[in-house]
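Let me begin by presenting the structure, written as structure tokens, before commenting on it.
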Amino acid sequence: AVRTAGANGAVRTAGAIGAVRTAGALRPAARRSGEIHLLDKKGEAHSTVVFLRHGQSTWNADSLFTGWADVELTTLGKNEAAGAAATLWKEGIEFDVAYCSRLKRARQTLEIVLSISGQEEVPVNACWRLNERMYGGLTGLNKKETAAKYGDEQVKRWRRSYDVPPPPVEKDSPYYPGNNPQYYHIREEELPLSECLKDTLERTLPYWESDIVPALTKGKTVLVAAHGNSIRGILKHLDAIPDEAVTELEIPTGVPLVYQLDASLKPIAAEGAVAPLSGVFLGNADEIAAARKAVADQTKAAEAAEPAEVQFACMGSGCLLLSSGDMRRAFDAVAGDAADISTAELKTILERLSEGEEALRDAEVNEIFEMVDRNGDGRIDFEEFVQAITAES
């Protein structure tokens, strides 16, 4: 469960999302050089919309074409969502209304963000029109194996050409939306067998205009948790991005993209924005650039890069943004040459990482330790330690 502090500081549980626990108020790490933050443009901004691509999913991790397949977030994906929550909290962004797709990975991302930022009461609207692009017959296939078979250029053409869809899915496939009960209410002719980006934009924009634009017209602050291609289509519309440029636009997972709009709902160019976008990704510029490159490299037949580091950990009275290296060094400093640690040693590490803040009580440490000590031998290794401080059960 996600534990978050309410307005009165009391800890409460929200849903059964798993993987992220916070105790007390969020305590962000100190800002680092190179981080991008919002300018104070409230005087000229009429409304704000934040786009957030869901965190890493299980099929993202396995490099599979996902589309409308309804898969969950990985531990890293949940931590990406938690990191996005911390970033938004540092910026003081409070939402009036939120929108997401019908797919589990987007809904999980939104739930984590709202829970950790203490905004669980924000109304949420879910619609299939915000779903990811339908990858048709590629759904479930390994991206790199598909690239090795058909060539990088062919797969990129299917994946990123503005108006060239991949092969259609068969109607007897479990991946055909018409076989999923949550889409029984949609007319068959509206259900995609396969989509290019142009198709995805044409599916998504009617919902943008009918449901999201009215909130922005009223001057509200809106959160849209969706997918790479559904977000890409909306951005093409907002910034009038040419067909050939939008296909090269990379949307990293778990990084908030903030647009401030004027009274005509035209984007206000943000400092730090990278063309062709008027909005700005929040966070460290170098890390964001690396994340965007990682998205671009997903379909290349070469070996995959190392997975991104888990960077969000919670303990005691707050949460820290930590790299895997930080966690490894903290573990080794106490474990020494040993491969595992005891309950008492876990508490020592948590106290050091908490940097003087109120640490977890012994009972809480014991509860976390028992949760990850799967063989019950009273010792946990480094992998289990990471699970403990990210509360992955």
### Summary
Among GluC sites (Glu not before Pro) in the range 76-167, those in a DSSP loop whose Cβ has at most 14 other Cβ atoms within 10 Å are GLU94, GLU121
### Message
Using the crude model of +1 on Lys and Arg Cβ and -1 on Asp and Glu Cβ, and no other charge, please compute the dipole size for the range 76-149 relative to its Cα centre, in debye to 20.
### Response
640 debye
### Query
Averaged per residue, what accessible area in Å² does the range 111-234 show with a 1.4 Å probe, protein chains only?
43 Å²
### Message
Given axes a ≥ b ≥ c from the Cα gyration tensor, I'd like to know whether the range 139-237 is rounded (a/c under 1.5), prolate (a/b larger than b/c) or oblate.
### Response
oblate
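On the protein heavy atoms, probe 1.4 angstrom, tell me the percent of accessible surface of the range 155-298 carried by carbon and sulfur. If you can, show how the numbers build up before the last one.
On the way: 3230 of 6110 Å².
C and S atoms contribute 53 percent here.
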#### Entry: Cβ charges +1 (Lys, Arg) and -1 (Asp, Glu), total dipole of the range 201-259, debye
340 debye
### Summary
Expressed in square angstrom to the nearest 10, the accessible area of ASP96 with a 1.4 Å probe stands at 70 Å²
### Query
Between their Cα atoms, which of LYS104/LYS171; LYS143/LYS171; LYS171/LYS236; LYS104/LYS236 are more than 27 Å away from each other?
LYS171/LYS236
### Query
So, in Å, what gap is there between the alpha-carbon centers of the range 92-143 and the range 204-239?
13 Å
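The values are calculated or read from the model by the stated rules, or taken from the named source; none is laboratory data. Just so you know, these numbers come straight off a predicted model, no measurement behind them. For neighbour counting, all protein chains shown are included, and Cβ atoms are generated from backbone atoms with ideal geometry for every residue, glycine included. Note: accessible area is taken over every heavy atom of the protein model, side chains too, but ligands, DNA and RNA are not part of it. Shrake-Rupley method; radii C 1.70, N 1.55, O 1.52, S 1.80 Å.
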